[in-house]
Structure formats: structure tokens, C-alpha cells
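Any read-out appearing in this document is the output of simple, stated calculations on the displayed coordinates, not a laboratory observation. Just so it is clear, the model here is predicted, and its values are computed rather than measured. Using ideal geometry, Cβ is built from the backbone for each residue, glycine included, and neighbour counts are taken over all protein chains shown.
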Amino acid sequence: MREDFKQQMEEELKYVDMTLTDRQIEQFYRYYELLNEWNQVMNLTAITEMKEVVTKHFVDSLALKKVIGDLENAEISVADVGTGAGFPGIPLKIAFPGLKVTLLDSLNKRVKFLNEVIEQLGLEQIQAVHGRAEDFGRDRVSRETFDICVSRAVANLSTLSEYCVPLVKVGGYFVPYKSGKVDEELTDGQGAVQKLGGKIEKVERFSLPNSDERTLVMIKKVKTTAGKYPRKAGMPAKEPLK
């Protein structure tokens, strides 16, 4: 492991009020290596420079600790919808090994990468699932079963909420990771959140070194999602709820 990688991780973890063991930082470094290796043959991320990967992928993913302090609780189940190259789900699993994590992605080749990372890093109680969020949210096995759903996927709040809120059990949270410019999106998405059984409880803004402002939106699941949601595949993106 490169010493500059370790130093940067240790320094930037302070921004999310965290420390990690050397073993955990080594897991992050192996993850970084795998990301670069696989990125040569498939499009996983446009961010490949080490310093940027640490800040914009690894530490950013761990910012969930800012709004949910009880992540050490081994009973917590987490769904990561539209995980892509594994963010934020894999960083959260490395940092909080007790979490039960499900990574969902619609591209099978990305799921193969995720399974390789899980195996190489020796992670347990984490699975990568190939499928669409709309189908996953209607499946009785997964619907309203997760304590927390997270997503860094690029979609508006209304669309993301329709993907994610149905997965969360009543009393749990959906936490999308958004940019700093989120006010208009919050206003536009409020109706959709309510229709789906959620309530915007908190908006946490934060900044990381040499990075734009970021926002975590805490949406609490306050009632069961109506059976008609999520709508069929493609509809949440094509015609977002109002």
C-alpha cells in the first residue's frame, strides 16, 4: 500500500468524524487497485486519479456517518440502489463490517466487478444483485425490508425516491447523496416523497477537501408505500411523481 494513500485517507476521514484500522485502509487500497484494473476494460468511473478517488468516492461514501451515527449496529440492513462501481455500499461495508449490505445494479458486467471486489476484500454479509430498482421494489422478498437505503445514482429526487422508498421498512431511512445545489430538487420532490410514504427529516450539507459542496437528504419512512409504487420499469424516470 502506498504511504501517500494511507496518509490521505487518515487525514480526510476526519471530515466525516471517523478513524479506520490499517487493515481497513488496506482494503480500501485494494479496492482502488481493482477499480483501476477493471476500468481499463469497462466504464466504471471517470474518476481514476488516486487523490480524487479517495475524496470523491471513498470518503464521500462514508459521509452517511454524519447523519446516522449508529452504523456500528450489526443488525442494520442497507440497500445501495444503482451502486455502479460500489459506491457508497462497499466503502460503508469496509468501514462498518457488521452491516448487512445489498448492492443493486442493472448492468450485469458491473455486478461481476462488484463480486470480484467482495471476494478479493474478503467481505461477508454483502451481496451484489443484478436487476432494476422497479422490479426489486415490487418483490415481496425485498420490499420494505431494509433499515436504510442509500443511493449516489444520478437521478432527480422524485425518481430516486420511487426507486428507493418502497425498499425501506417503516421507521427506516432513505438517504440520497446529492450535490450542494439541491434546493429546487427538494421542493420539486417533496410531493413524491410524501406519496411514497416518506418525510424529509433533515438536510445535511458538507464539504470535503478540493471538492464541491455535497448534501445528504434524510428521508424517514413514516408509512407503508402504496402497492402501485414503484411503477413499471422506466416510468419513474420518464414521468417523475409530483
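So how tilted is helix 22-39 from the main axis of the chain? Cα-based, degrees 0 to 90, rounded to 10.
80
Taking only pairs that are 8 or more places apart or on different chains, how many Lys pairs in segment 149-228 have Cα atoms under 22 angstrom apart?
The number of close lysine pairs in segment 149-228 is 27.
So for the chain, averaging the separation of alpha carbon pairs under 8 Å that are six or more residues apart and normalising by length, what relative contact order in percent results?
Numbers: 458 pairs, mean separation 39.5, N = 242.
Result for the chain is 16 percent.
So if R0 is 41 Å, what FRET efficiency would Asn73 and Leu107 give, r being the distance between their Cβ atoms, rounded to the nearest 0.05?
0.85
For an R0 of 22 angstrom, estimate the FRET efficiency from the Cβ-Cβ distance between Met235 and Leu186 and round to the nearest 0.05. Write out the running numbers ahead of the final one.
On the way: r = 22 Å, r/R0 = 1.00.
Once the sixth-power term is evaluated, E becomes 0.50.
Over segment 112-184, consider all pairs of different Cα atoms and compute the Kirkwood hydrodynamic radius from their mean reciprocal separation; express it in Å, one decimal. Show your work: numbers first, answer last.
Numbers: mean 1/r = 0.0726 Å⁻¹.
Over segment 112-184, the inverse of the mean reciprocal pair distance is 13.8 Å.
Tell me the net charge near Gly137. Cut-off is 15 Å between Cβ atoms, Gly137 excluded, with +1 for each Lys or Arg and -1 for each Asp or Glu.
Numbers: positive: Arg132, Arg138, Arg140, Arg143, Lys169, Lys195, Lys221, Lys228, Arg231, Lys232; negative: Asp80, Asp105, Glu134, Asp135, Asp139, Glu144, Glu162.
Local net charge: +3.
Once Rh for segment 138-239 is found with the Kirkwood sum over Cα pairs, what is the Stokes-Einstein diffusion coefficient at 37 °C and 0.692 mPa s, in µm²/s? Don't skip to the answer; put the middle values down first.
Details: Rh = 13.7 Å.
Answer from the Stokes-Einstein relation: 240 µm²/s.
Of the GluC sites (Glu not before Pro) in segment 50-131, which ones lie in a loop per DSSP and count no more than 12 other C-beta atoms within 10 Å? Intermediate results must be reported in sequence, preceding the final value.
Working: sites: Glu52, Glu72, Glu75, Glu116, Glu119, Glu124; in loops: Glu72, Glu75, Glu124.
Answer in residue order: Glu72, Glu75, Glu124.
Could you pull the Cα extents of segment 53-191 along its three principal axes, largest to smallest, in whole Å?
42, 34, 30
Which label belongs to the value computed from this structure, given these candidates for volume of the Cα convex hull per residue in Å³: (1) 114; (2) 164; (3) 130?
Matching the structure shown: (1).
What FRET efficiency do you get for Thr224 and Thr19 if R0 is 51 Å and r is their Cβ-Cβ distance, rounded to the nearest 0.05?
On the way: r = 39 Å, r/R0 = 0.76.
The pair Thr224/Thr19 has a calculated efficiency of 0.85.
Between segment 1-79 and segment 196-242, how far is it from one alpha carbon centroid to the other, in angstrom?
That distance is 23 Å.
Just the number, please: percent antiparallel of the DSSP beta bridges in the chain, rounded to the nearest 5. Mind showing how you got there, number by number?
On the way: 13 of 31 bridges.
Among the beta bridges of the chain, antiparallel pairing accounts for roughly 40 percent.
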